[in-house]
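> Could you have a look at this structure, given as structure tokens, before my questions?
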Amino acid sequence: MKISVIVPCFNERNTIRDILKRIVSSSPELEKEVIVVDDCSTDGTRDSLKELEHQDKGIKIIYHTNNRGKGASLRSGFASATGDIILIQDADLEYDPHDYPKLLKPILDGKADVVYGSRFIGGDSHRVLYFWHSLGNKFLTFLSNALTNLNLTDMEVCYKVFKRDILKKIELKEDRFGFEPEFTAKISRLGLRIYEVGVSYSGRTYKEGKKINWKDGLRAIYVILRYNLFG
């Protein structure tokens, strides 16, 4: 079974080489295609990607001509994916590709159609960071759960793994970080088997390059209400 790893990327010059190396080296027993979508980076990330493009023909790179957001980058990646299973991987080093086997296991075992990682369950290591971010994340997950009738612990997590055929049944529209609650709202109506597994998390600070902010939190509330109450 082939896995398509989609990596949305914007201004990640300091991490892009390392994360791609980790993706390629992780789970060598799996057949993987790696698709990077550069969302018009301006910090030198594109130079690194062009070098990698010549060195490793197994990595496909899509270049956006203007900055469109994570959701738009994911849609570009999904459109190019040929794998049976889609796995979303951020371009920073907050999430560890060594978690791929346990993320994929429920699907490969025939138990699940969708698997969410979770930073809040399991015994994996987690960097201690922002209280208000944690509280905001839990609130958004609670609000999403209340309207989807799911019991996720981490709706906003990067790691979402699912059968590619699911994309034929939903239409994704959100361009930025609203992808997370939109995707959750839309798959909740399909009667899919959804699993959750604990993952490690090495969060970063804003000084280290974290991009999501309070405005994205407000947008997430809107997206949760919009796609759950009005379709």
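> For the structure I just gave you, tell me whether LYS168 is free of Cβ contacts under 8 Å to residues at least 12 places away in the same chain and basic (Lys, Arg).
Spelling it out, LYS168 is indeed free of Cβ contacts under 8 Å to residues at least 12 places away in the same chain and basic (Lys, Arg).
> Let me ask something else. If you check GLU180 against the conditions, is it within 22 Å of ARG68 (Cα to Cα), out of contact with any Gly (no Cβ under 8 Å at 6 or more places or on another chain), modelled with pLDDT of 90 or more and part of a loop (DSSP other than H, G, I, E, B)?
no
> Right, here's the next one. With ARG13, ARG22, ARG17 as the choices, which residue is out of contact with any strand residue (DSSP E or B) (no Cβ under 6 Å at 6 or more places or on another chain), charged (D, E, K, R) and under 24 Å from VAL115 (Cβ atoms)?
When all the criteria are applied, what remains is ARG22.
> Which residues, counting only those in segment 16-45, are in a loop (DSSP other than H, G, I, E, B) and either modelled with pLDDT under 95 or surrounded by fewer than 17 Cβ atoms within 10 Å (Cβ to Cβ) (or both)?
Matches in segment 16-45: SER26, SER27, PRO28, GLU29, LEU30, CYS40, THR42, ASP43, GLY44.
> Looking at segment 187-216, which of its residues are in contact with a Gly (Cβ under 9 Å, 6 or more places away or on another chain), at pLDDT 85 or above and surrounded by 14 or more Cβ atoms within 10 Å (Cβ to Cβ)?
GLU196, VAL197, GLY198, VAL199, SER200, TYR201
> Restricting attention to segment 69-96, report how many residues are under 21 Å from THR184 (Cβ atoms) and touching a residue at least 40 places away in the same chain (Cβ under 8 Å).
Number of matching residues: 18.
The values are calculated or read from the model by the stated rules, or taken from the named source; none is laboratory data. None of the values given here were measured: they were computed from a predicted structure. No Cβ is skipped: glycine too gets one built from the backbone with ideal geometry, and neighbour counts run over all protein chains shown.
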